[in-house]
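Worksheet: one structure, shown below.
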Amino acid sequence: MYLLLHTVKGTPFETPDQGKDRLLTHWEQIDYGTQCTSSRKFLSISPVVLYLLTSFYTKYDPVHFLINTASLLSVLLPKLPQFHGVRVFGINKY
């Protein structure tokens, strides 16, 4: 899901935007870039729920906890409004 929303750029279908969205990821195009909509909130809360469930079912094992925390941060940080249109370290710039 991370690769689909945060690395793939362009639109999955033909749009009348004259190519304006071809440099945006799918996450940046959800709801026309409007922040804090219900669909964005749902897609941001679902990884947190999965994180809590996996932490509980692995009985808070330190190794699993670190792996789960790293994966949660790698999924949640790009979803923050401060990262809209930002390419960290130039990755996925073009």
Worksheet item: (1) exposed (fewer than 10 other Cβ atoms within 10 Å of the Cβ); (2) in contact (Cβ under 8 Å) with a residue 60 or more places away in the chain: which one isn't true of TYR32, the others all being true?
Response: (2)
Worksheet item: Scanning for something of a type outside the set (Lys, Arg), closer than 24 Å to TRP27 by Cα, in a helix (DSSP H, G or I) and out of contact with any Asp or Glu (no Cβ under 6 Å at 6 or more places or on another chain), does the stretch 54-66 turn up at least one residue?
Response: no
Discussion item. Looking for something under 24 Å from ASP17 (Cα atoms) and among the aromatic types (Phe, Trp, Tyr) - is there at least one such residue anywhere in the stretch 34-50?
Written reply: no
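Read-outs throughout are calculated quantities, based only on the coordinates presented, and are distinct from any laboratory measurement. From a predicted model like this one, the values you see are computed outputs, not experimental measurements. Glycine gets a Cβ as well: all are built from the backbone with ideal geometry, and neighbour counts include every protein chain shown.
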